[in-house]
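The values are calculated or read from the model by the stated rules, or taken from the named source; none is laboratory data. What you see is a predicted model; the values in this text were computed from it and never measured. Because the Cβ atoms are built from the backbone with ideal geometry, glycine has one as well, and the counts that use them run over all protein chains shown. Calculation scope for accessible area: heavy atoms of the full protein, side chains included, ligands and nucleic acids excluded. Shrake-Rupley method; radii C 1.70, N 1.55, O 1.52, S 1.80 Å.
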Amino acid sequence: MTVHIGAKAGEIAETVLMPGDPLRAEWAAQTFLTDAVRVHKVRGMYGFTGTWKGHRVSIQGSGMGMPSLSIYANELIRDFGVQTLIRIGSCGGMQPQVKVRDVILAMTASTLSTPSRGIFKDLNFAPCADYGLLSAAHAAAVARKVPVHVGGIYSSDVFYDERPDLNEQMTRHGILGVEMEAAELYNLAARHGRRALAVLTVSDHLQTGEALPAEDRERSFGDMVHIALEAAFA
Ligand code: HPA
């Protein structure tokens, strides 16, 4: 048991999927896992453990933003010995070829700041995905015929960003999408020698203003869960 994860030792699997929203964690556990059990509910940030095709897997909400994700990922890594962490979440599209509903596999995650900044000081560390997970996720997306893009994303600290110039620079540098968690997940995986990947559905588009209709969200989220599970156990 840790400060923020009320599960007992052994109740969390070595592979954990991390949606931002704890209710998505509940939906994914009930929909995709066999014998899913809620292992804790501290702060309503639920964690579940079950099996998928015979593999033990947990699904733990991360909350929104890097400070929140950092708490859960640190405790999963340090106290529960988690080896593989896959974020499943949404992002805003930043390139014309990236459409709402498409999936982005984040090869790298640029950021202005993360909870790890104090370690890096002036160094611009390049947080990146585990290549084995990335290539397996790509194969899984292609097999499911899900439109998929692989490249850099931007992990922002602000959803309501008042700096249009920054978004323009990201787009100019080929960044595919913006979300708020992946860079810190990649930092922590690198620091502790674990595997990490962010699988993201484009839920809205910064240039076109298009947004995923509510009725499509579940199907898109389901595609992400499939891709993440197939990548984790490829
Ligand atoms: N900005 C930041 N995070 C997001 C966005 C966005 O536009 N869409 C989904 N997650």
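Results, tabulated for the structure shown:
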{"read-out": "Options 231, 214; residue that is small (Gly, Ala, Ser) and modelled with pLDDT of 95 or more", "value": "231"}
{"read-out": "Neighbours by Cβ (under 7 Å, 6+ apart or cross-chain): first from region 169-182, over 28 Å from residue 61 (Cα atoms); second within 12 Å of the ligand (Cβ to nearest atom) and modelled with pLDDT of 95 or more", "value": "171/94"}
{"read-out": "Index of the failed condition, residue 64 passing every other in (1) open to solvent by 10 Å² or more (accessible area, probe 1.4 Å); (2) within 13 Å of the ligand (Cβ to nearest atom); (3) not in a loop (DSSP other than H, G, I, E, B)", "value": "(3)"}
{"read-out": "Filtered residue count, region 108-118, keeping only those that are without any contact (Cβ under 8 Å) to a residue 12 or more places away in the chain and open to solvent by 70 Å² or more (accessible area, probe 1.4 Å)", "value": "1"}
{"read-out": "Check on residue 158, open to solvent by less than 10 Å² (accessible area, probe 1.4 Å) and either within 16 Å of the ligand (Cβ to nearest atom) or touching a Phe, Trp or Tyr at 6+ places or on another chain (Cβ under 9 Å) (or both)", "value": "no"}
{"read-out": "Conditions (1) of a type outside the set (Val, Ile, Thr); (2) in contact (Cβ under 8 Å) with a residue 24 or more places away in the chain; (3) surrounded by 15 or more Cβ atoms within 10 Å (Cβ to Cβ); (4) within 16 Å of the ligand (Cβ to nearest atom); number of the one not met by residue 207", "value": "(3)"}
{"read-out": "Among the candidates 217, 172, 195, 191, residue that is more than 12 Å from the ligand (Cβ to nearest atom) and either within 28 Å of residue 53 (Cα to Cα) or surrounded by 14 or more Cβ atoms within 10 Å (Cβ to Cβ) (or both)", "value": "195"}
{"read-out": "Residues (of a type in the set (A, V, I, L, M, F, W, C), within 16 Å of the ligand (Cβ to nearest atom) and either at pLDDT below 95 or over 15 Å from the mean Cα position of the chain (by Cα) (or both)) located in region 67-117", "value": "94, 98, 100, 112"}
{"read-out": "Boolean, residue 143 is more than 15 Å from the ligand (Cβ to nearest atom), of a type in the set (A, V, I, L, M), within 20 Å of the chain's Cα centre (by Cα) and farther than 20 Å from residue 62 by Cβ", "value": "no"}
